[in-house]
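Here's the structure we're looking at; comments come further down.
The values are calculated or read from the model by the stated rules, or taken from the named source; none is laboratory data. Just so you know, these numbers come straight off a predicted model, no measurement behind them. Here the Cβ is made from the backbone with ideal geometry for all residues, glycine too, and neighbour counts use every protein chain on show. Side chains are part of the model used for accessible areas, which takes the heavy atoms of the whole protein and leaves out ligands, DNA and RNA. Shrake-Rupley method; radii C 1.70, N 1.55, O 1.52, S 1.80 Å.
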Amino acid sequence: MNHRTSRVAAAATAALLGLAVALGGSGSPAAAADPAALTGIILGVGANESQRIVTWYSSADTAQQVQLAPTASLTGGAFPASAATFAAIGGANIATSGGFNRHATLTGLQENTQYSYRVGTEGNWSPVYSFKTQDFEGDYDFLFYGDPQIGSSGDTARDAAGWRDTLDVSLAANPNAELLVSGGDQVETANTESQWDAFLSSDKLRQYPWAATIGNHDVGGKAYEQHLFTPNTDRSAPLYANGNPASNTSGGDYWYIYKDVLFIDLNSNSYATTQGGGGDAAHIAYVTDVINQHGAEAKWKVLVYHHAIYSPADHAKDGDNKTRRVDFPTAFSNLGVDLVLQGHDHSYSRSYEIKNGAKANPAEQPGAADVYPGPGGVLYVTANSASGSKYYDITTPDNSGTSGAGNGADPLNPNNYWYNSVQNQEHVRSYVKVEVRSGQLVVQNLRSGTCAAPNAAVELGKVSWCNNTPAAQPVGSVVDKVTIHPYHGDGQQLQVNVPTAAPGEFGWTIDGYNGLVSLGTAQEHDGEYFAATGKLNPIVVTDTRRTQAPWTVSASVSDFKDAGKTFSGSYLGWTPSILAPGAGAKAGSPVVSSYDDQGQGLSVSRQLGYAEQGHPKGTAQLGAGLDLKIPGSAEKGDYRATLTITALSS
């Protein structure tokens, strides 16, 4: 549930204090006398939704900063005297281009605000760019892009045109998307600055935060690190392929939390200890540590790395791919990862739910629109080319096995690899949209182009065919869509633990799928309290015993939590009812919120329904109206609790 009263005032005060701390002076006379050329500006993701990181190149080693202000406070394009400034840090570039790199972290951002910013120093500012924050709680969408790899077609300009078009198309269709997530391989050649310039040519990358990922074409130089500074980054030796962060290579793993998602991004170029780094074991240790420390602060866990371990095309049978396919999946299942986003294979695939390196549910059908992973189920997605610079064709399964490192055929669809529910290659550009919702993730692969230009690989004859009919498969049409319904047994979501009832005995089940019970958005009442209502998922009780023994079904609720915020489950009350009579069922007594009677509400076990000795056999359906009433001092958030059902019978 969402509420605003207290949180708004507190957030505004914190932001104002943060901005006041950042208020600073102007550039030095030396900077004004020797203006630097400021290029390659990009807006990056921060450690959370209230931060952004701006990175750029400078031709001179001068003191620089980012100037930031709400767009509404600019007058005639001029920044107000109250504009915040954030000092930049950086160093000399270790790349063929020379020059220097700078970055600054913007902190204390307020939600639902349009900001304007520029980089440089007094007398030598860059053009002004803008971005918009949205609500810091609740649902949102992010977009995932596979391998722009600018320059890989041999024609940098054509590759850049396709990349810009995908950004334009995807953000025109999804203007409120909040993150742009990279699948790696921004460029073809790590230190070729003309390719980086082409990659960065769209102003969309200065308006929406880019969450970078290191690809195998990025790793061979420092330009990746120089252009794309990332938050919470571990640059220790084990997370570099050669074990040497000081060498002319890029590396490191990083994490951030954006609303309800913990993102962890890995340098999958480091996978074997024989190269000098810590290999996959180092990444697993990093992911484990981050999830142990921060997993409870988010409702979803999403991993991002370049080398797709469940891909369908040229790289599906690579030895390094098979190594990761053995090393990663069991750890990811055990850690409760929900979704893994990958690139590298320049084709689209969506895996089945994978648990411990095997198909989690053998009965899951190819192309299923809804999946229910259960504990340990992980969905792996490989993105196709976002620029059209290079496509790989889907390859044929072999007889190497249908689990672990194997590349055998799917028994339900022999043209696919055993691990893939969907595989697709049309030689047209696409991107992946992920809708983050309180009770589900929706993953879609969408076309951002057709066979027509800009589509460099097709235009230049790098591929011999293109399978797309614009009338039937236009820009924006859906290639694939799946909804992930999460396992609700993690203690944060309101759910019911359901045992298996033996036939001919007393038992109970949930009527239908045990989905999240939403109480909606709490409504404020005169600043005194918030109130919200909902309905319990119906519970079906069946009793076919000859003993006609009494039974009772009771429940209690945990505290409601949102990361570090909490309020007591005693504020939840209910009014039980019999939705469908049978088995002698009677409704339990109403329970009021402790806000009204200073009692214990549903924080202690309360009777939902019962039947007395001698009741008839049959089936009943129990329900309850839920009534939540909490003090107006509660902090804004999207809270979850667990409702535990207990059934007793003689």
With x for Gly and Pro, the residue-by-residue ³J(HN,Hα) of the stretch 603-616, computed from phi through the Karplus equation 6.51 cos²θ - 1.76 cosθ + 1.60 at θ = phi - 60° and given in whole Hz, is 6, 10, 5, 10, 7, 8, x, 7, 9, 8, 4, x, 5, x
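Note down the net charge around Ser570, summing +1 for each Lys or Arg and -1 for each Asp or Glu among other residues with Cβ under 12 Å from its Cβ. Spell out each step's value before the answer.
Numbers: positive: Arg606, Lys629; negative: Asp559, Asp596, Asp597.
Here the count lands on -1.
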Convert each backbone phi in the stretch 45-55 into a coupling constant with the Karplus relation 6.51 cos²θ - 1.76 cosθ + 1.60 (shift: θ = phi - 60°), then list the ³J(HN,Hα) values in order as whole Hz, x for Gly and Pro. 6, x, 6, 7, 5, 8, 10, 9, 10, 9, 10
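So for the stretch 547-650, Kirkwood radius off the Cα pairs, Stokes-Einstein at 25 °C and 0.890 mPa s: how many µm² s⁻¹? Can you show the working numbers first?
On the way: Rh = 14.7 Å.
This corresponds to a translational diffusion coefficient of 167 µm²/s.
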Give the angle, between 0 and 90 degrees and rounded to the nearest 10, that separates the Cα long axis of helix 5-22 from the longest principal axis of the Cα atoms of the chain. 20 degrees
Looking at the stretch 297-404, what % of the alpha carbon pairs are farther apart than 21 Å? 34 percent
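In square nanometres, what is one fourth of the surface area of the convex hull spanned by the alpha carbons of the stretch 200-318?
Values: hull surface 34.1 nm².
Reported value for the Cα convex hull: 8.5 nm².
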Carbon/sulfur accessible area of the stretch 292-367, % of total, 1.4 Å probe, equals 46 percent
Considering amide H positions built from the backbone, and no H for Pro or chain starts, which residues 5 or more places from Gly573, or on another chain, come under 5 Å of its amide H? Ser593, Asp627, Leu628, Lys629
Residues of the chain: accessible area per residue with a 1.4 Å probe, Å²: 36 Å²
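Please give the net charge around Leu622, taking every other residue with its beta carbon less than 11 angstrom from that of Leu622, where Lys and Arg add +1 and Asp and Glu add -1.
Values: positive: Lys586; negative: Asp511.
The answer is 0.
Starting from the residue with the highest accessible area, list Thr533, Thr105 in decreasing order, probe 1.4 Å. Mind showing how you got there, number by number?
Working: Thr533 95, Thr105 50 Å².
Result of the area sort, largest leading: Thr533, Thr105.
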Counting DSSP beta bridges with both partners in the chain, what percentage is antiparallel, nearest 5? 80 percent
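What percentage of the solvent-accessible surface of the stretch 541-650, computed with a 1.4 Å probe over protein heavy atoms, is contributed by carbon and sulfur atoms?
On the way: 2290 of 4620 Å².
After summing per-atom areas, the C and S share lands at 50 percent.
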Can you pull the Rg over Rh of the stretch 244-288, Cα-only, Kirkwood? 1.04
Under Karplus coefficients 6.51, -1.76 and 1.60, residue-wise ³J(HN,Hα) of the stretch 455-464 in Hz, glycine/proline x: 7, 3, 4, 6, 4, 8, x, 6, 10, 8
For Arg118, solvent-accessible area (1.4 Å; no DNA, RNA or ligand), Å²: 40 Å²
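Divide by every residue of the chain the summed helix terms, -39500 (n - 2.57) for each DSSP H run of at least 4, and state the resulting mean residue ellipticity at 222 nm, rounded to the nearest 500 deg cm²/dmol.
Value at 222 nm, helices only: -4000 deg cm²/dmol.
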Under the rule of at least 5 residues apart or a separate chain, name every residue whose amide H is placed under 5 Å from the amide H of Asp185. Gly215, Asn216, His217, Asp218
Partner lysines whose C-alpha sits under 19 Å from that of Lys629, ignoring same-chain residues fewer than 8 away, are Lys535, Lys561, Lys565
Projected onto the charge dipole of the stretch 525-589 (+1 at Lys/Arg Cβ, -1 at Asp/Glu Cβ, origin at the Cα centre), which of Gly564, Thr552, Thr542 gives the Cα projection farthest towards the positive end? Thr542
Spelling it out for Gly40: with amide H atoms placed in the peptide plane at 1.01 Å from N, the residues 5 or more places away or on another chain with amide H under 5 Å from its amide H are Tyr57
Counting only DSSP beta bridges with both residues in the stretch 186-337, tell me the antiparallel percent, nearest 5. 55 percent
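Could you work out the longest stretch of the chain that avoids the chymotrypsin sites (Phe, Trp or Tyr not before Pro) located in DSSP loops with at most 11 other Cβ atoms within 10 Å?
Values: sites that count: Trp465, Tyr513.
It works out to 1-464.
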Rounded to the nearest Å, what's the spacing between the alpha carbon centres of the stretch 242-298 and the stretch 515-529? Just the number, please. 39 Å
Give the distance, in whole Å, between the Cα centre of the stretch 533-601 and the Cα centre of the stretch 443-458. 52 Å
What does the convex hull of the alpha-carbon atoms of the chain project to on average, in nm²? 32.2 nm²
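Around Val290, with a cut-off of 13 angstrom between Cβ atoms, what is the net charge of the other residues, counting Lys and Arg +1 and Asp and Glu -1? Numbers along the way, then the final one.
On the way: positive: Lys301; negative: Asp234, Asp253, Asp265, Asp289, Glu297.
Net charge in that neighbourhood comes out at -4.
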